[in-house]
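Worksheet: the structure to be examined is printed underneath.
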Amino acid sequence: MIAKVIVDVSTNQTDRLFDYLILDEYMDTVVPGLRVVVPFGPRKVQGFVIEISETSEYPLDKLKPIQELVDVKPPITKELLSLSEWLKNETLSHHISVLKVMLPAAMRAKYKKQLWLNTSIATEESASFFRKKDAPIDWDEFQKKAKTMERKMMATFIKNNEVTVQPIVGTHETKKKRVAVKSAYTKAQLHDLLETLNKGAKKQRELIQFFINNNSNPIPVVDLISEVKTSRSTIKSLVEKGILVEEEMELRRDPYEGREFTKSKPLPLTEEQGIVLQSISESLNNEIHRTFLLRGVTGSGKTEVYLQAIEKALSLGKEAIVLVPEISLTPQMVTRFKERFGSAVAVLHSALSKGEKYDEWKRISDKEVSVAVGARSAIFAPFENLGMIIIDEEHETSYKQEESPRYHARDVAIKRGEYYQCPVILGSATPSLESYARAKKGVYQLVTMEKRVNDVRMPVVTITDMREELRQGNRSMFSNGLLDAMKVRLERREQIVLFLNRRGYSTFIMCRDCGYVAECPHCDISLTYHRANQSLQCHYCGHVETVPSRCPDCEGESIRFFGSGTQKVEEELIKVLPNIRVIRMDVDTTRKKGSHEKLLEKFGKGEGDVLLGTQMIAKGLDFPNITLVGVLAADSMLHLPDFRSAERTFQLLTQVSGRAGRHEKPGEVIIQTYTPDHYSIQDVKQHDFVSFFQKEMMVRKQGGYPPYYYLTLIHVSDVDLTNVVAVTEKITNFLKGELSEDTMVYGPVASAIPRIKDRYRYQCMIKYKVEPKLTQTLQEIIKTYQGEMSRSNLSIVIDSNPYMM
Ligand code: ADP
Ligand code: ZN
């Protein structure tokens with residue numbers, strides 16, 4: 001038998017099936033979707049079995065056999081395998097990159113060696129060494145990064161057999177088995193035993209006490225040693241006496257270990273919620289795929305609809321996927337799912353360690369859970385009986401992956417929904433123009449919830465013209481209206497959200513005398529000032545330099561910081577309202593794992609009057625005591641060179657406004673702006689999505705942008721500027737000649753950031769309505785340049801339906 005394999009070597013020449021013999025011993029286990037190790041030229045590489053066949057175009061004696069199996073059970077299901085073929089064509093990616101994106105990072109690794117702790121003979125030293133790392137430790141990485149002392153220690157561990165070096169083959173589970181111990185005695189027996197032991201046996205007494213205090217679950221020896229500060233020999237002596245028993249256990253890292261979730265019950269639905277759930281249930285019960293666009297104002301109870309829809313799917317024995325944007329920023333959402341479905345939920349988000357992510361993925365793969373909640377890549381959760389897919393905040397751009405394969409989770413969701421004939425729900429208070437236009441055409445089924453739950457009213461929105469404030473002599477960043485409103489909240493002990501529409505706390509430095517702005521020497525972008533370590537940093541390449549005390553150009557001393565970050569706002573706020581308690585949430589205060597959740601928890605407990613932050617506080621917050629939302633710079637996003645900037649502004653302002661007055665207490669929103677008449681700001685005031693949609697559609701029609709036209713961008717970059725321009729020009733001309741007359745091709749133009757990491761960037765844009773020849777033409781371009789790309793620094797990237805312009 002022959003296995004047709006996609007190897008883990010990402011070049012255009014290797015993006016095809018290679019044939020390998022299946023030896024007798026592997027005959028029963030090698031199936032499509034399984035990972036194997038195969039010889040490839042002089043190397044051994046990993047690959048995915050795609051097909052099993054009885055024939056090969058090549059003479060059998062020329063074929064090499066599969067050398068090892070990586071998995072016991074294929075991690076790529078039959079359905080995901082066919083999905084991968086579709087996605088590869090859809091995104092013009094290498095098949096291998098699509099297959100790998102479907103798996104957790106821990107499994108995407110190339111064929112390599114790892115260091116595993118041999119728990120049965122590990123000493124405290126080696127155990128604690130491993131605890132500090134995210135075990136298993138990658139051999140190559142360790143060799144590269146470890147300090148000399150660490151390497152010496154590791155050599156000793158290996159010599160003592162405490163650590164084994166293993167290639168990644170076989171299953172992950174077998175290696176995760178840990179030696180654990182549990183008490184063979186009841187609590188009462190342990191108590192009696194404690195009486196009989198003499199005072200000298202201090203170590204043993206401590207260990208027994210631990211088992212009295214804790215329940216009878218087995219605990220891994222490694223953990224026991226660190227928790228009780230005991231030694232292996234103490235444990236051993238109690239095992240020998242028959243007081244403790246050893247057993248092997250499979251250990252799973254649970255990122256939510258120790259957190260208690262009180263079970264929540266389904267709420268009686270409002271009329272609007274009931275109608276929506278009814279439509280979804282019909283699709284679910286009749287097993288007819290439908291894509292629903294649920295437009296529900298903030299606080300209309302979309303999440304409750306999701307929860308109850310999922311419950312119905314589970315009661316039919318089916319599974320559900322829920323996508324939420326940047327899940328680590330929306331802990332409240334995760335909590336609500338955990339509270340309703342308990343241990344049936346797996347959570348996949350970026351703040352988990354590789355190991356934790358792998359374990360959560362494994363729980364899905366082993367069907368131990370039936371709900372997966374996660375960010376973009378959770379759309380590939382390997383369920384095989386899907387009953388429901390939900391994409392919350394469907395308009396979020398993070399659902400599009402910005403590197404190869406450049407897929408959009410929404411497209412994948414619909415494809416999987418078709419396969420399983422199940423409903424797909426796209427939810428948002430501010431749907432993307434693309435989705436809403438599709439819903440209006442009847443491609444998606446539109447369901448709406450216009451009212452907030454419990455007759456809670458939408459917040460009253462005031463727009464403050466900051467030019468007017470200036471005319472009246474107010475130079476501060478807070479309008480008088482906002483300042484008064486904040487004072488009232490402080491008196492009433494209610495809470496405030498202050499939103500700064502700007503990424504991070506980025507400020508740039510400029511010379512007031514000559515206008516010099518500090519820029520990155522490798523990228524055409526200004527450097528960002530980081531107060532924490534008094535440095536200037538490039539957000540694109542990581543370049544760091546110290547803040548100059550004099551202007552490097554004119555040698556003047558008028559170097560100043562510009563732009564107002566959250567930190568600056570905090571300082572100003574404390575100046576005008578000295579007793580105010582500010583909880584600041586930005587890249588700086590949330591760097592540590594879990595700090596985001598801690599800050600929110602603090603705010604929830606009322607330990608702060610103001611939650612001050614950027615984009616990361618716009619979503620998902622549901623705190624009853626927030627009655628005021630202030631937006632400091634509403635229009636800073638309006639002027640970005642991106643045709644979606646008005647849409648982004650509307651979405652963001654609506655989101656953040658939605659944090660106010662969600663429960664009994666009425667909410668107020670004050671939006672400070674320099675362009676008060678812009679429709680994207682006016683429609684936020686009226687809570688009028690439909691009005692915004694109509695106006696923005698006109699703008700898109702005139703400009704020839706989505707959803708009227710499809711876009712494809714071709715990014716060309718190289719260290720050699722002349723070559724970039726020449727190649728982009730050739731591509732542009734080629735496209736003009738090949739594509740139909742109604743299709744528009746623009747180029748070559750420099751990208752928004754013309755240089756990153758010393759590479760010059762140009763692009764060519766294709767706008768089309770129907771273009772049957774597009775895929776084929778793009779493939780030809782890649783073919784033409786693949787030789788040059790593998791030899792030189794040239795890179796050509798194709799992005800269909802781009803989000804980053
Ligand atoms: P959305 O996701 O649309 O912004 P949520 O689902 O967060 O809205 O609901 C807003 C608030 O209303 C939450 O506190 C939620 O618990 C509550 N809620 C939702 N549905 C109901 C209901 N049917 N009855 C009572 N309270 C509800
Ligand atoms: Zn740079």
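Say we look at the stretch 279-332 and pick out the residues that are among the charged types (D, E, K, R) and part of a loop (DSSP other than H, G, I, E, B); which of these is farthest from ligand 1 (Cβ to nearest atom)?
Result: Glu287.
Could you tell me which numbered condition Val447 fails, if it satisfies all but one of (1) free of Cβ contacts under 8 Å to residues at least 24 places away in the same chain; (2) within 16 Å of ligand 1 (Cβ to nearest atom); (3) in contact with a Ser or Thr (Cβ under 7 Å, 6 or more places away or on another chain)?
It is condition (1) that Val447 fails.
Please state which of the following conditions Glu150 fails to meet, knowing it meets all the rest: (1) modelled with pLDDT under 80; (2) out of contact with any Ser or Thr (no Cβ under 6 Å at 6 or more places or on another chain).
(1)
Give the stretch 529-551 a look and list any residue that's modelled with pLDDT of 80 or more, within 10 Å of ligand 2 (Cβ to nearest atom) and under 20 Å from Thr589 (Cβ atoms), or say none.
The answer is Gln537, and nothing else.
Where the second residue is among the polar types (S, T, N, Q) and the first is within 11 Å of Val31 (Cα to Cα) and lies in the stretch 48-71, which pairs have Cβ atoms under 8 Å and are six or more apart or on separate chains?
Pairs found: Leu69/Thr29; Asp71/Thr171.
Taking Val36 and the conditions (1) in contact with a Leu (Cβ under 8 Å, 6 or more places away or on another chain); (2) assigned to a helix (DSSP H, G or I), which numbered condition does it fall short on, given that it satisfies the others?
Exception for Val36: condition (2).
Restricting attention to the stretch 283-299, and to residues there that are surrounded by 21 or more Cβ atoms within 10 Å (Cβ to Cβ) and at pLDDT below 95, which single residue is farthest from ligand 2 (Cβ to nearest atom)?
So the residue we want is Gly299.
Return yes or no: is Pro405 of a type outside the set (Lys, Arg), more than 14 Å from the chain's Cα centre (by Cα) and under 17 Å from Tyr803 (Cα atoms)?
Values: of a type outside the set (Lys, Arg): yes; more than 14 Å from the chain's Cα centre (by Cα): yes; under 17 Å from Tyr803 (Cα atoms): yes.
So Pro405 passes the test.
Is it true that Asp465 is without any contact (Cβ under 8 Å) to a residue 60 or more places away in the chain, away from ligand 2 (no atom under 16 Å from the Cβ) and not aromatic (Phe, Trp, Tyr)? Working first, answer last.
Values: without any contact (Cβ under 8 Å) to a residue 60 or more places away in the chain: no; away from ligand 2 (no atom under 16 Å from the Cβ): yes; not aromatic (Phe, Trp, Tyr): yes.
Spelling it out, it is not the case that Asp465 is without any contact (Cβ under 8 Å) to a residue 60 or more places away in the chain, away from ligand 2 (no atom under 16 Å from the Cβ) and not aromatic (Phe, Trp, Tyr).
Give the residues of the stretch 377-399 that are over 21 Å from Gly296 (Cα atoms) and modelled with pLDDT under 95, sorted by residue number. Please lay out each step first, then the result.
First, the residues of the stretch 377-399 that are over 21 Å from Gly296 (Cα atoms): 377-387.
Once the filter is applied, which keeps residues that are over 21 Å from Gly296 (Cα atoms) and modelled with pLDDT under 95, the stretch 377-399 yields only Ser377.
Out of (1) outside any loop (DSSP other than H, G, I, E, B); (2) among the acidic types (Asp, Glu); (3) under 23 Å from Val324 (Cβ atoms), the odd one out for Asp622 is which?
(1) is the only condition that Asp622 fails.
Go through the stretch 330-360 and count every residue that is touching a strand residue (DSSP E or B) at 6+ places or on another chain (Cβ under 7 Å) and not charged (D, E, K, R).
If we filter the stretch 330-360 for residues that are touching a strand residue (DSSP E or B) at 6+ places or on another chain (Cβ under 7 Å), which is where we start, we get 334, 337-338, 341, 344-349, 357, 360.
After this cut, where a residue has to be not charged (D, E, K, R) as well, the list is 334, 337, 341, 344-349.
Adding up the residues that qualify gives 9.
Asp588: in a helix (DSSP H, G or I) and farther than 26 Å from Arg336 by Cβ, yes or no? Can you show your working first?
Numbers: in a helix (DSSP H, G or I): no; farther than 26 Å from Arg336 by Cβ: yes.
Judged against the criteria, Asp588 is not a match.
Of the numbered conditions (1) within 16 Å of ligand 1 (Cβ to nearest atom); (2) touching a Phe, Trp or Tyr at 6+ places or on another chain (Cβ under 9 Å), Arg376 satisfies every one except a single condition; which is it?
Going through the list (1) within 16 Å of ligand 1 (Cβ to nearest atom); (2) touching a Phe, Trp or Tyr at 6+ places or on another chain (Cβ under 9 Å), Arg376 breaks only (1).
Among (1) out of contact with any helix residue (DSSP H, G or I) (no Cβ under 6 Å at 6 or more places or on another chain); (2) in a loop (DSSP other than H, G, I, E, B), where does Phe603 come up short?
With respect to (1) out of contact with any helix residue (DSSP H, G or I) (no Cβ under 6 Å at 6 or more places or on another chain); (2) in a loop (DSSP other than H, G, I, E, B), Phe603 is out only on (2).
How many residues are crowded, with 22+ Cβ neighbours inside 10 Å, among the hydroxyl-bearing types (Ser, Thr, Tyr) and farther than 13 Å from Met102 by Cβ if we restrict to the stretch 376-419?
Looking only at that region, the number is 1.
Picking from Val797, Val727, which residue would you name as being crowded, with 20+ Cβ neighbours inside 10 Å and either closer than 23 Å to Gln13 by Cβ or within 16 Å of ligand 1 (Cβ to nearest atom) (or both)?
Details: Val797 fails: crowded, with 20+ Cβ neighbours inside 10 Å.
The conditions single out Val727.
Any idea which of Arg16, Arg43 is at pLDDT below 90 and of a type in the set (Lys, Arg)? Talk me through it step by step, then tell me what you get.
Values: Arg16 fails: at pLDDT below 90.
So the residue among Arg16, Arg43 that is at pLDDT below 90 and of a type in the set (Lys, Arg) is Arg43.
Strands (runs of 3 or more DSSP E) wholly in the stretch 460-561 with at least 1 residues that are surrounded by fewer than 16 Cβ atoms within 10 Å (Cβ to Cβ) and away from ligand 1 (no atom under 16 Å from the Cβ) - which ones?
Working: elements: 460-465, 495-499, 508-511, 528-530, 535-537, 544-546.
So the answer is 460-465, 535-537, 544-546.
How many residues, within the stretch 348-357, are surrounded by fewer than 21 Cβ atoms within 10 Å (Cβ to Cβ) and over 12 Å from the mean Cα position of the chain (by Cα)?
3
State all residues of the stretch 505-548 that are in contact (Cβ under 8 Å) with a residue 40 or more places away in the chain and of a type in the set (Val, Ile, Thr); if no residue qualifies, say none.
Hits for the stretch 505-548 are Thr507, Ile509, Ile525.
The values are calculated or read from the model by the stated rules, or taken from the named source; none is laboratory data. This one's a predicted model, so the numbers in the text were calculated from it and none came from an experiment. Heads up, the Cβs are rebuilt from the backbone with ideal geometry, glycines too, and the neighbour counts pull from every protein chain shown.
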